[in-house]
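Novice: Before I ask anything, let me first share the structure, which is written out below as C-alpha coordinates.
The values are calculated or read from the model by the stated rules, or taken from the named source; none is laboratory data. All figures in this text were calculated on a predicted structure; none of them were measured in a lab. Virtual Cβ from ideal backbone geometry, glycine too; neighbours counted across all protein chains shown. SASA here: full protein model, heavy atoms, side chains in, ligands and nucleic acids out. Shrake-Rupley method; radii C 1.70, N 1.55, O 1.52, S 1.80 Å.
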Amino acid sequence: MASRTLLLVGTRKGAFILESDAERRRWAARGPLCEGWPIHDISVDATTGALLAGGGSPWYGAAVWRSDDLGDTWTHSSEGLTYGDDGPKIPTVWNVAAAHGAIYAGVEPAGLFRSEDGGATFQHVVGLRNHPSRPSWQPGNGGLILHTITAHPTDRERMWVGISAVGTFETRNGGETWSTRNAGVRAGFMPDPYPEYGQCVHKLYVAAGEPETLYQQNHCGVYRSDDGGIAWTEITAGLPSEFGFPAVGHPRDADTMWVIPMNAADRGRFMPDGAAAVWRTSDRGASWSRLAAGLPQSDAYLTVLREAMAVDRHDAVGVYFGTTSGELWGSVDEGRSWSQLAAHLPAIWSVEAHVVDA
(Lines give C-alpha, C1' and ligand atoms only; values in the text may rest on other atoms or scores of the structure.)
Protein backbone atom coordinates (compact mmCIF):
# COMPACT_ATOMS: atom_id res chain seq x y z
CA MET A 1 0.00 0.00 0.00
CA ALA A 2 1.33 3.44 -0.90
CA SER A 3 1.83 5.80 2.00
CA ARG A 4 2.94 9.32 2.83
CA THR A 5 5.55 9.96 5.49
CA LEU A 6 5.36 13.28 7.30
CA LEU A 7 7.90 14.82 9.64
CA LEU A 8 6.24 17.36 11.91
CA VAL A 9 8.84 19.85 13.08
CA GLY A 10 8.28 22.38 15.84
CA THR A 11 10.66 25.34 15.89
CA ARG A 12 11.28 28.64 17.54
CA LYS A 13 9.62 30.33 14.55
CA GLY A 14 6.65 28.11 13.79
CA ALA A 15 5.92 24.59 12.60
CA PHE A 16 7.25 22.96 9.43
CA ILE A 17 6.15 19.77 7.68
CA LEU A 18 8.46 17.66 5.51
CA GLU A 19 6.77 15.08 3.31
CA SER A 20 8.00 12.02 1.44
CA ASP A 21 6.75 8.64 0.25
CA ALA A 22 7.46 5.27 1.85
CA GLU A 23 10.97 5.25 0.39
CA ARG A 24 11.82 8.40 2.36
CA ARG A 25 14.61 9.51 0.01
CA ARG A 26 13.33 12.90 -1.17
CA TRP A 27 11.54 15.37 1.05
CA ALA A 28 9.46 18.46 0.31
CA ALA A 29 9.05 21.08 3.03
CA ARG A 30 6.29 23.56 3.80
CA GLY A 31 6.10 26.22 6.47
CA PRO A 32 6.39 28.11 8.66
CA LEU A 33 2.93 27.14 9.90
CA CYS A 34 0.92 28.08 13.00
CA GLU A 35 1.41 31.75 12.07
CA GLY A 36 5.06 31.55 13.09
CA TRP A 37 4.30 30.97 16.77
CA PRO A 38 7.05 29.22 18.77
CA ILE A 39 6.03 25.53 18.80
CA HIS A 40 7.44 23.22 21.48
CA ASP A 41 5.70 20.01 20.46
CA ILE A 42 3.64 18.46 17.65
CA SER A 43 1.80 15.17 17.95
CA VAL A 44 -0.89 13.18 16.15
CA ASP A 45 -4.27 12.06 17.44
CA ALA A 46 -4.24 8.46 16.24
CA THR A 47 -8.03 8.22 16.47
CA THR A 48 -8.95 11.27 14.37
CA GLY A 49 -5.75 11.89 12.41
CA ALA A 50 -5.63 15.48 13.67
CA LEU A 51 -2.28 17.18 14.07
CA LEU A 52 -1.86 18.90 17.45
CA ALA A 53 0.76 21.54 18.21
CA GLY A 54 1.57 23.13 21.54
CA GLY A 55 3.36 26.41 22.00
CA GLY A 56 3.16 29.96 23.18
CA SER A 57 3.41 33.47 21.82
CA PRO A 58 5.30 36.21 23.65
CA TRP A 59 2.29 38.44 23.00
CA TYR A 60 -0.71 36.07 23.29
CA GLY A 61 0.43 33.36 25.70
CA ALA A 62 -0.11 29.60 25.56
CA ALA A 63 -2.22 27.79 22.97
CA VAL A 64 -2.88 24.41 21.40
CA TRP A 65 -3.14 24.34 17.61
CA ARG A 66 -5.13 21.77 15.61
CA SER A 67 -5.17 20.77 11.93
CA ASP A 68 -7.63 18.28 10.44
CA ASP A 69 -6.13 18.40 6.93
CA LEU A 70 -2.50 17.38 7.56
CA GLY A 71 -1.32 20.90 8.17
CA ASP A 72 -2.95 22.82 5.32
CA THR A 73 -5.09 24.85 7.72
CA TRP A 74 -4.97 25.34 11.49
CA THR A 75 -7.12 26.60 14.34
CA HIS A 76 -5.95 27.29 17.86
CA SER A 77 -7.35 27.83 21.32
CA SER A 78 -6.17 29.15 24.67
CA GLU A 79 -9.56 28.74 26.32
CA GLY A 80 -9.11 27.38 29.83
CA LEU A 81 -5.30 27.35 29.81
CA THR A 82 -5.13 29.35 33.01
CA TYR A 83 -4.57 28.87 36.72
CA GLY A 84 -7.09 31.61 37.44
CA ASP A 85 -6.71 35.21 38.49
CA ASP A 86 -4.70 34.29 41.58
CA GLY A 87 -2.41 31.76 39.89
CA PRO A 88 0.75 32.17 37.83
CA LYS A 89 0.48 33.07 34.16
CA ILE A 90 1.05 30.26 31.65
CA PRO A 91 3.42 31.44 28.90
CA THR A 92 3.54 28.26 26.81
CA VAL A 93 2.49 24.67 26.23
CA TRP A 94 5.44 22.25 26.28
CA ASN A 95 3.73 18.98 25.39
CA VAL A 96 0.44 17.98 23.78
CA ALA A 97 -0.90 14.43 23.56
CA ALA A 98 -4.17 12.73 22.61
CA ALA A 99 -5.31 9.72 24.65
CA HIS A 100 -8.56 7.86 25.09
CA GLY A 101 -10.69 10.55 23.43
CA ALA A 102 -9.15 13.50 25.26
CA ILE A 103 -6.33 15.95 24.50
CA TYR A 104 -3.79 16.77 27.20
CA ALA A 105 -1.47 19.77 27.45
CA GLY A 106 1.56 20.07 29.70
CA VAL A 107 2.45 23.65 30.53
CA GLU A 108 4.85 26.03 32.27
CA PRO A 109 4.82 26.51 35.23
CA ALA A 110 4.29 22.77 35.56
CA GLY A 111 0.71 21.61 35.33
CA LEU A 112 -1.60 19.42 33.27
CA PHE A 113 -4.73 20.40 31.32
CA ARG A 114 -7.34 18.20 29.61
CA SER A 115 -9.74 18.90 26.75
CA GLU A 116 -12.81 16.76 26.11
CA ASP A 117 -13.92 18.71 23.02
CA GLY A 118 -11.04 18.26 20.63
CA GLY A 119 -8.96 21.14 21.93
CA ALA A 120 -11.58 23.89 21.86
CA THR A 121 -11.51 24.29 25.66
CA PHE A 122 -9.29 22.98 28.45
CA GLN A 123 -9.74 22.22 32.14
CA HIS A 124 -7.00 22.13 34.76
CA VAL A 125 -6.25 18.65 36.13
CA VAL A 126 -5.94 20.03 39.62
CA GLY A 127 -4.93 16.78 41.32
CA LEU A 128 -1.34 17.03 40.09
CA ARG A 129 -0.65 20.49 41.50
CA ASN A 130 -2.42 19.42 44.70
CA HIS A 131 0.26 16.81 45.32
CA PRO A 132 1.87 17.36 48.75
CA SER A 133 5.27 17.89 47.13
CA ARG A 134 4.08 20.88 45.09
CA PRO A 135 5.43 23.65 47.40
CA SER A 136 8.93 22.15 47.03
CA TRP A 137 9.00 21.88 43.22
CA GLN A 138 12.06 23.55 41.71
CA PRO A 139 12.71 24.47 38.06
CA GLY A 140 15.33 22.91 35.86
CA ASN A 141 17.54 24.94 33.54
CA GLY A 142 14.64 25.32 31.10
CA GLY A 143 12.12 26.27 33.76
CA LEU A 144 9.51 24.47 35.84
CA ILE A 145 7.89 22.58 32.98
CA LEU A 146 5.64 19.58 32.45
CA HIS A 147 7.25 18.36 29.26
CA THR A 148 6.19 14.73 28.87
CA ILE A 149 2.73 13.14 28.87
CA THR A 150 2.61 9.34 28.50
CA ALA A 151 -0.76 7.63 28.65
CA HIS A 152 -1.27 3.95 29.38
CA PRO A 153 -2.26 2.38 26.04
CA THR A 154 -5.37 0.55 27.32
CA ASP A 155 -6.22 1.85 30.81
CA ARG A 156 -7.74 5.31 30.45
CA GLU A 157 -7.30 5.94 34.17
CA ARG A 158 -3.50 5.65 34.10
CA MET A 159 -0.95 8.20 32.92
CA TRP A 160 2.65 9.21 33.63
CA VAL A 161 4.04 12.73 33.36
CA GLY A 162 7.57 14.09 33.51
CA ILE A 163 8.40 17.41 35.17
CA SER A 164 11.75 19.20 35.26
CA ALA A 165 13.26 19.29 37.79
CA VAL A 166 10.76 17.34 39.86
CA GLY A 167 10.56 13.84 38.41
CA THR A 168 7.98 11.34 37.23
CA PHE A 169 4.41 11.08 38.55
CA GLU A 170 1.69 8.53 37.84
CA THR A 171 -2.08 8.63 38.25
CA ARG A 172 -4.26 5.53 38.39
CA ASN A 173 -7.59 7.29 38.83
CA GLY A 174 -7.86 9.66 35.89
CA GLY A 175 -5.83 12.47 37.42
CA GLU A 176 -7.57 12.81 40.77
CA THR A 177 -4.45 11.80 42.70
CA TRP A 178 -0.82 11.23 41.73
CA SER A 179 2.12 9.23 43.09
CA THR A 180 5.83 9.86 42.69
CA ARG A 181 7.62 7.29 40.50
CA ASN A 182 11.32 7.98 41.02
CA ALA A 183 12.69 5.14 43.16
CA GLY A 184 16.16 4.18 41.94
CA VAL A 185 16.67 7.32 39.82
CA ARG A 186 19.72 9.39 40.79
CA ALA A 187 19.68 13.11 41.42
CA GLY A 188 23.42 13.64 41.69
CA PHE A 189 23.01 17.37 42.20
CA MET A 190 20.97 16.84 45.42
CA PRO A 191 22.30 16.26 48.98
CA ASP A 192 20.35 12.99 48.96
CA PRO A 193 21.06 11.47 45.52
CA TYR A 194 17.94 9.27 45.69
CA PRO A 195 15.11 11.52 46.89
CA GLU A 196 11.41 10.77 46.53
CA TYR A 197 11.20 13.68 44.09
CA GLY A 198 13.54 16.33 42.75
CA GLN A 199 14.99 14.30 39.86
CA CYS A 200 15.37 16.01 36.50
CA VAL A 201 13.67 13.63 34.10
CA HIS A 202 14.31 14.68 30.48
CA LYS A 203 12.16 12.22 28.51
CA LEU A 204 9.90 9.28 29.34
CA TYR A 205 7.99 6.72 27.27
CA VAL A 206 6.12 3.40 27.52
CA ALA A 207 7.63 0.49 25.58
CA ALA A 208 5.73 -0.95 22.63
CA GLY A 209 3.45 -3.82 23.64
CA GLU A 210 4.59 -3.73 27.29
CA PRO A 211 2.63 -1.08 29.18
CA GLU A 212 4.48 -1.80 32.44
CA THR A 213 7.89 -1.25 30.81
CA LEU A 214 9.04 2.37 30.84
CA TYR A 215 12.28 3.99 29.71
CA GLN A 216 13.64 7.41 30.56
CA GLN A 217 16.56 9.67 29.76
CA ASN A 218 17.39 11.64 32.87
CA HIS A 219 19.81 14.45 33.70
CA CYS A 220 21.70 11.72 35.56
CA GLY A 221 21.54 8.65 33.35
CA VAL A 222 19.24 6.37 31.36
CA TYR A 223 16.80 4.05 33.15
CA ARG A 224 14.29 1.25 32.63
CA SER A 225 11.35 0.26 34.81
CA ASP A 226 9.64 -3.13 34.55
CA ASP A 227 6.80 -2.35 36.94
CA GLY A 228 5.16 0.80 35.68
CA GLY A 229 7.68 3.17 37.25
CA ILE A 230 7.51 1.92 40.82
CA ALA A 231 11.22 1.06 40.65
CA TRP A 232 13.91 1.96 38.10
CA THR A 233 17.11 0.23 37.01
CA GLU A 234 19.96 2.32 35.62
CA ILE A 235 21.13 1.26 32.13
CA THR A 236 23.67 4.03 31.45
CA ALA A 237 26.73 1.75 31.33
CA GLY A 238 28.22 1.69 27.83
CA LEU A 239 27.17 5.23 26.90
CA PRO A 240 29.73 8.04 26.60
CA SER A 241 27.76 10.32 28.91
CA GLU A 242 24.94 10.06 31.40
CA PHE A 243 23.48 13.37 30.17
CA GLY A 244 21.12 13.79 27.22
CA PHE A 245 17.61 14.90 26.39
CA PRO A 246 15.71 12.68 23.90
CA ALA A 247 14.83 8.99 24.05
CA VAL A 248 12.63 7.09 21.59
CA GLY A 249 11.55 3.48 21.37
CA HIS A 250 11.02 1.04 18.52
CA PRO A 251 7.32 0.99 17.53
CA ARG A 252 7.13 -2.83 17.78
CA ASP A 253 10.15 -4.03 19.77
CA ALA A 254 10.17 -3.20 23.48
CA ASP A 255 13.86 -4.12 23.74
CA THR A 256 15.08 -1.40 21.35
CA MET A 257 15.55 2.30 22.04
CA TRP A 258 17.66 5.19 20.74
CA VAL A 259 19.22 8.05 22.73
CA ILE A 260 21.55 10.95 21.93
CA PRO A 261 24.12 11.48 24.69
CA MET A 262 25.61 14.93 25.16
CA ASN A 263 28.38 16.42 27.23
CA ALA A 264 27.67 16.95 30.89
CA ALA A 265 25.31 19.78 31.74
CA ASP A 266 28.19 22.03 32.77
CA ARG A 267 30.32 21.29 29.68
CA GLY A 268 28.35 22.73 26.80
CA ARG A 269 25.48 20.28 26.25
CA PHE A 270 26.61 19.13 22.80
CA MET A 271 27.49 15.74 21.32
CA PRO A 272 30.69 14.43 22.96
CA ASP A 273 33.94 15.49 21.27
CA GLY A 274 32.01 17.35 18.57
CA ALA A 275 31.35 14.03 16.82
CA ALA A 276 27.68 13.38 16.03
CA ALA A 277 26.21 10.00 16.93
CA VAL A 278 23.03 8.26 17.99
CA TRP A 279 23.25 5.30 20.37
CA ARG A 280 20.96 2.25 20.24
CA THR A 281 20.27 -0.66 22.54
CA SER A 282 18.56 -3.82 21.27
CA ASP A 283 18.64 -5.65 24.60
CA ARG A 284 16.81 -3.35 27.01
CA GLY A 285 19.92 -1.40 27.94
CA ALA A 286 22.33 -4.27 28.60
CA SER A 287 24.59 -2.97 25.79
CA TRP A 288 24.78 0.00 23.44
CA SER A 289 25.96 0.59 19.86
CA ARG A 290 27.23 3.87 18.41
CA LEU A 291 25.53 4.79 15.11
CA ALA A 292 27.30 7.54 13.19
CA ALA A 293 27.61 6.65 9.48
CA GLY A 294 26.82 9.79 7.48
CA LEU A 295 26.88 12.11 10.49
CA PRO A 296 29.65 14.74 10.85
CA GLN A 297 32.52 13.49 12.98
CA SER A 298 34.39 16.73 13.59
CA ASP A 299 33.39 20.24 14.63
CA ALA A 300 29.78 19.06 15.11
CA TYR A 301 28.78 20.78 18.33
CA LEU A 302 25.15 19.76 17.96
CA THR A 303 22.42 19.88 20.59
CA VAL A 304 19.20 17.86 20.36
CA LEU A 305 16.35 18.72 22.74
CA ARG A 306 13.96 16.35 24.47
CA GLU A 307 11.16 16.34 21.85
CA ALA A 308 13.44 16.62 18.82
CA MET A 309 13.77 12.90 18.06
CA ALA A 310 11.22 10.52 16.56
CA VAL A 311 10.66 7.17 14.87
CA ASP A 312 8.19 6.14 12.18
CA ARG A 313 6.37 2.80 11.86
CA HIS A 314 7.70 1.52 8.53
CA ASP A 315 9.00 -2.06 8.38
CA ALA A 316 12.52 -0.61 8.32
CA VAL A 317 12.01 1.94 11.05
CA GLY A 318 12.99 5.50 10.24
CA VAL A 319 14.74 7.46 12.97
CA TYR A 320 14.94 11.26 12.89
CA PHE A 321 16.38 14.09 14.95
CA GLY A 322 16.60 17.87 14.73
CA THR A 323 19.17 20.23 16.20
CA THR A 324 19.05 23.63 17.80
CA SER A 325 21.14 24.86 14.86
CA GLY A 326 18.29 24.03 12.46
CA GLU A 327 19.49 20.76 10.92
CA LEU A 328 17.18 17.78 10.41
CA TRP A 329 18.73 14.33 10.07
CA GLY A 330 17.14 11.00 9.17
CA SER A 331 17.89 7.30 8.87
CA VAL A 332 15.72 4.83 6.95
CA ASP A 333 17.59 1.77 8.27
CA GLU A 334 17.05 2.09 12.01
CA GLY A 335 20.10 4.28 12.53
CA ARG A 336 22.78 2.38 10.66
CA SER A 337 23.26 5.26 8.18
CA TRP A 338 22.19 8.89 8.18
CA SER A 339 21.52 11.74 5.74
CA GLN A 340 20.67 15.38 6.18
CA LEU A 341 17.05 16.11 5.26
CA ALA A 342 17.00 19.88 5.86
CA ALA A 343 19.26 22.70 7.02
CA HIS A 344 18.93 26.35 7.99
CA LEU A 345 15.60 25.88 9.77
CA PRO A 346 14.98 27.86 12.94
CA ALA A 347 16.09 26.18 16.16
CA ILE A 348 14.31 22.82 16.20
CA TRP A 349 12.44 22.06 19.40
CA SER A 350 10.47 18.96 18.37
CA VAL A 351 10.19 16.27 15.70
CA GLU A 352 7.35 13.81 15.20
CA ALA A 353 6.94 11.21 12.44
CA HIS A 354 3.53 10.37 10.97
CA VAL A 355 2.80 7.74 8.32
CA VAL A 356 -0.44 8.28 6.38
CA ASP A 357 -1.75 5.25 4.51
CA ALA A 358 -3.15 6.03 1.07
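Novice: I'm trying to understand the selection: among the residues of the range 3-32, which are open to solvent by 70 Å² or more (accessible area, probe 1.4 Å) and of a type in the set (A, V, I, L, M)? Walk me through it before giving the result.
Specialist: Residues of the range 3-32 open to solvent by 70 Å² or more (accessible area, probe 1.4 Å): 4, 12-13, 21, 23, 25-26, 29, 32.
The one that is open to solvent by 70 Å² or more (accessible area, probe 1.4 Å) and of a type in the set (A, V, I, L, M): Ala29.
Novice: Could I ask something else about it? Does any residue in the range 32-48 that is of a type in the set (A, V, I, L, M) come within less than 6 Å, Cβ to Cβ, of a residue that is in a strand (DSSP E or B) and open to solvent by 20 Å² or more (accessible area, probe 1.4 Å) six or more places away or on a different chain, and which pairs are these?
Specialist: Ile42/Glu352; Val44/His354
Novice: Here's something else I'd like to know. Would you tally the residues in the range 171-185 being open to solvent by less than 10 Å² (accessible area, probe 1.4 Å) and not in a strand (DSSP E or B)?
Specialist: So the count comes out to 3.
Novice: Touching a residue at least 40 places away in the same chain (Cβ under 8 Å), of a type outside the set (A, V, I, L, M), open to solvent by less than 50 Å² (accessible area, probe 1.4 Å) and within 26 Å of Ala50 (Cα to Cα): does that describe Thr168?
Specialist: No: the conditions fail for Thr168.
Novice: Farther than 22 Å from Phe169 by Cβ, touching a helix residue (DSSP H, G or I) at 6+ places or on another chain (Cβ under 7 Å) and part of a strand (DSSP E or B), is that true of Ala63?
Specialist: Here the answer is no, as Ala63 does not meet what is asked.
Novice: Pick from Ser350, Ser331: which is more than 22 Å from Thr148 (Cα to Cα) and not aliphatic (A, V, I, L, M)? So that I can check it myself, show each step before the final result.
Specialist: Numbers: Ser350 fails: more than 22 Å from Thr148 (Cα to Cα).
One residue alone meets the criteria, Ser331.
Novice: Still on this model: Are any residues in the range 288-315 of a type in the set (Gly, Ala, Ser) and either touching a residue at least 40 places away in the same chain (Cβ under 8 Å) or closer than 21 Å to Lys203 by Cβ (or both), and if so, which ones?
Specialist: Ser289, Ala292, Ala293, Gly294, Ala308, Ala310
Novice: Would you check if Asp253 is open to solvent by 40 Å² or more (accessible area, probe 1.4 Å) and either touching a Leu at 6+ places or on another chain (Cβ under 9 Å) or not in a loop (DSSP other than H, G, I, E, B) (or both)?
Specialist: The answer is no for Asp253.
Novice: Right, here's the next one. Out of curiosity, is Ala237 assigned to a loop (DSSP other than H, G, I, E, B), out of contact with any strand residue (DSSP E or B) (no Cβ under 6 Å at 6 or more places or on another chain), at pLDDT 95 or above and more than 21 Å from Gly318 (Cα to Cα)?
Specialist: The answer is yes for Ala237.
Novice: Something else now. Could you check the range 269-285 and list, in sequence order, the residues that are small (Gly, Ala, Ser) and open to solvent by less than 50 Å² (accessible area, probe 1.4 Å)?
Specialist: Selection gives Gly274, Ala275, Ala276, Ala277, Gly285.
Novice: Do you know which residues across the range 33-87 are closer than 21 Å to Val126 by Cα and open to solvent by 60 Å² or more (accessible area, probe 1.4 Å)?
Specialist: Residues satisfying the conditions are Glu79, Thr82, Asp85, Asp86.
Novice: Further question: In the list Val161, Val126, which residue meets the criterion of being without any contact (Cβ under 8 Å) to a residue 24 or more places away in the chain and among the β-branched types (Val, Ile, Thr)?
Specialist: It is Val126.
Novice: Look through Gly119, Gly143 and report the one residue that is crowded, with 17+ Cβ neighbours inside 10 Å and either among the acidic types (Asp, Glu) or within 30 Å of Val304 (Cα to Cα) (or both).
Specialist: Gly119
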